[in-house]
Structure formats: structure tokens, C-alpha cells
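Undergrad: The structure's right below; bear with me while I get my questions together.
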Amino acid sequence: MMNVSKILGRRNILFLWVLGFSIVLVNSLSAQNVTILLKGKVIDEAGNALQGVQIQFKDGENSAGRTKSQNNGEFSFVLKPGKTYSAMFDRSDILQSDINMTVPQFTSYQELQKTFTVRVIKKGENLGEYHVFANDKADLIQSIFYEKISQILKKMRSLNISITVSNITKAKKAKPSKKKGKNIQSETQLSFGQQRIKVLIDKLISIGTSESRIQLIEGNVKAPNDIQVTVKDIDSSF
């Protein structure tokens with residue numbers, strides 16, 4: 001005859017194993033069904049609530065959905081626990097930015113409160129000064145300016161910029177040619193500032209910048225930089 005105690009022992013072990021596996025499976029399925037409600041608010045650097053901001057959440061390379069901020073800057077969005085999301089904020093006057101956030105590994109429904117601060121730009125705002133010319137020359141040098149301005153214009157399709165180009169030089173001016181006792185200067189001869197403007201605009205167009213989105217003017221720029229970038233205007237139709 002078989003040992004009854006051994007049979008019962010094996011059955012108990014099998015039962016406990018099945019029970020443990022079932023608990024793990026149920027907990028796993030329950031965790032997958034847990035939702036987290038994000039109650040967010042979008043503000044500018046001065047703390048003002050921003051209305052009408054488009055917000056897209058991405059889970060890695062995949063879009064998790066979109067929402068939009070209300071009059072008081074608030075919005076809500078459903079997220080999954082334990083995941084890291086990238087939130088992208090977009091409006092015609094916002095320097096589009098990505099903000100990463102990780103949702104805690106909650107095991108039951110929770111509500112998260114979070115405030116997101118983004119940069120709003122205005123007409124006439126200074127976007128930076130750069131050194132792009134060789135000293136006292138109209139020759140371009142390597143500069144981070146080209147990469148930065150391309151990124152800004154790509155992110156903000158509504159933005160038009162104005163670039164002030166320094167026309168100050170310590171180099172001696174060439175003397176105009178003389179003919180029959182009179183000084184003659186070619187009508188096509190460009191001033192130092194105009195030469196720099198022509199070289200710079202040709203460079204910007206060559207890297208894909210639309211000429212309609214940039215305005216170049218001569219002016220004074222504090223050394224050692226030789227150009228200053230400001231916001232010309234923002235097209236609110238975008």
C-alpha cells in the first residue's frame with residue numbers, strides 16, 4: 001500500500017505551489033490594470049498659468065496620447081505606474097521643451113499633482129549673442145550658433161528672428177580709387193557691415209533656414225561677440 005502521508009504531503013506542496021503562482025499572476029494582472037491620474041498644471045517662469053498648451057506624452061518612442069491645458073493652465077492625463085514618460089509642451093510662443101517624469105510603482109489607483117514650468121518668449125526678447133566672424137573680417141568661423149538657431153527655428157515654426165550684425169572694425173578702410181581728380185566708389189561696393197550680413201545670410205540659407213524668417217541688420221554688439229539674436233515676431237496662426 002502507498003504511504004498516505006507521502007501522498008498528502010505531495011498534494012499539499014502542489015497546492016501551495018499553484019496557490020502561490022495564482023497570487024503572483026493575479027497581482028501581475030492587477031498591476032497592469034492600475035491607472036494613475038496625473039493632474040498637471042502648465043506655468044511660465046513667472047508662475048502665470050498657461051492656457052491652450054498642447055501636451056504630448058511619449059512612452060519611449062511610442063505616443064501615449066495628447067491633451068491640452070485649460071484656462072487655469074490645468075490638465076489631466078491617465079498614466080501607467082512604473083513607467084517613464086516624456087512630456088512635450090507646444091504653443092506658438094513656447095520654446096518647445098521636453099520634460100521627463102517617472103511614475104512611481106503604485107499598486108492601486110492614485111492621483112498625482114505636478115506643475116510643469118516652460119519658457120514663453122516675447123517679441124524683442126534676446127535669444128543670445130554669438131561670435132561667428134573672424135576678428136575685423138567678414139569671414140565666418142566655426143560657431144555653435146548655427147546648430148542652436150536651426151534647433152530653435154525647427155521647434156518653433158511660428159518664430160521669426162532678427163539678427164544684429166556688428167559693423168565695428170579696427171581694420172583700416174581701403175582708399176577709394178581716383179579718376180580725373182574725383183573720388184569714385186563703385187555702387188556695388190558693400191560696407192563692412194553689409195559684407196558680413198551677406199556672408200551670414202548665405203550661410204543660414206545653405207543650412208536650410210528660410211530667408212523669410214530672418215531679418216539681418218547692422219548695429220553694435222558687445223565684444224567679443226559680433227551678432228545678437230532677438231525675437232522679431234511670433235506668428236500666432238500656427
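Undergrad: Might you let me know whether region 118-139 holds any residue that is surrounded by 16 or more Cβ atoms within 10 Å (Cβ to Cβ), small (Gly, Ala, Ser) and assigned to a loop (DSSP other than H, G, I, E, B)?
TA: Taking every residue of region 118-139 in turn, at least one turns out to be surrounded by 16 or more Cβ atoms within 10 Å (Cβ to Cβ), small (Gly, Ala, Ser) and assigned to a loop (DSSP other than H, G, I, E, B).
Undergrad: Right, another one. What tally of residues in region 32-75 results from selecting those that are among the small types (Gly, Ala, Ser) and either farther than 25 Å from Phe106 by Cα or in contact (Cβ under 8 Å) with a residue 24 or more places away in the chain (or both)? Before the answer, list the steps.
TA: Residues of region 32-75 that are among the small types (Gly, Ala, Ser), as a first pass: 40, 46-47, 49, 52, 60, 63-65, 69, 73.
Next cut, either farther than 25 Å from Phe106 by Cα or in contact (Cβ under 8 Å) with a residue 24 or more places away in the chain (or both) only: 40, 46-47, 49, 52, 69, 73.
So the count comes out to 7.
Undergrad: Also: Write out, first by first residue and then by second, each pair whose Cβ atoms fall under 7 Å of each other, whose residues are 6+ apart or on separate chains, and whose first residue, in region 182-211, is buried (at least 17 other Cβ atoms within 10 Å of the Cβ) while the second is at pLDDT below 90.
TA: Phe192/Thr169
Undergrad: Find the residue count for region 212-229, including only residues that are in contact with a Ser or Thr (Cβ under 7 Å, 6 or more places away or on another chain) and surrounded by fewer than 16 Cβ atoms within 10 Å (Cβ to Cβ).
TA: Of the residues in region 212-229, 4 are in contact with a Ser or Thr (Cβ under 7 Å, 6 or more places away or on another chain) and surrounded by fewer than 16 Cβ atoms within 10 Å (Cβ to Cβ).
Yes/no per residue for (1) surrounded by 12 or more Cβ atoms within 10 Å (Cβ to Cβ); (2) modelled with pLDDT of 95 or more; (3) of a type in the set (Asp, Glu):
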residue: Arg66; (1), (2), (3): yes, yes, no
residue: Asn71; (1), (2), (3): no, no, no
residue: Phe77; (1), (2), (3): yes, yes, no
residue: Gly82; (1), (2), (3): yes, no, no
residue: Ala87; (1), (2), (3): yes, yes, no
residue: Asp93; (1), (2), (3): yes, no, yes
residue: Ser97; (1), (2), (3): yes, no, no
residue: Gln105; (1), (2), (3): no, no, no
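Undergrad: Could you grab me the full set of residues in region 146-193 that are hydroxyl-bearing (Ser, Thr, Tyr) and either at pLDDT below 85 or not assigned by TED's automatic domain parsing to the domain that holds Asn135 (or both)?
TA: Across region 146-193, the qualifying residues are Thr169, Ser177, Ser186, Thr188.
Undergrad: Those residues that are among the aromatic types (Phe, Trp, Tyr) and in contact with a Ser or Thr (Cβ under 7 Å, 6 or more places away or on another chain), I need them from region 58-89; list them, please.
TA: Across region 58-89, the qualifying residues are Phe75, Phe77, Phe89.
Undergrad: Moving on to the next point. Tyr146 passes all but one of (1) more than 23 Å from Ala87 (Cα to Cα); (2) not in a helix (DSSP H, G or I); which number fails?
TA: In the conditions (1) more than 23 Å from Ala87 (Cα to Cα); (2) not in a helix (DSSP H, G or I), Tyr146 misses (2) alone.
Undergrad: Next question. Where residues in region 101-129 are under 16 Å from Ile36 (Cβ atoms) and polar (S, T, N, Q), which of them is nearest to the chain's Cα centre (by Cα)?
TA: Restricting to residues being under 16 Å from Ile36 (Cβ atoms) and polar (S, T, N, Q), the top hit is Thr102.
Undergrad: Residues that are aliphatic (A, V, I, L, M) and closer than 27 Å to Ile121 by Cβ: list the strands (runs of 3 or more DSSP E) wholly contained in region 36-93 that include at least 1 such residues.
TA: Where strands (runs of 3 or more DSSP E) fall fully within region 36-93 and carry at least 1 residues being aliphatic (A, V, I, L, M) and closer than 27 Å to Ile121 by Cβ, they are 36-43, 54-59, 84-90.
The values are calculated or read from the model by the stated rules, or taken from the named source; none is laboratory data. Note that this is a predicted model, so its numbers are computed, not measured. All Cβ positions, glycine included, derive from the backbone under ideal geometry; neighbour counts span all protein chains shown.
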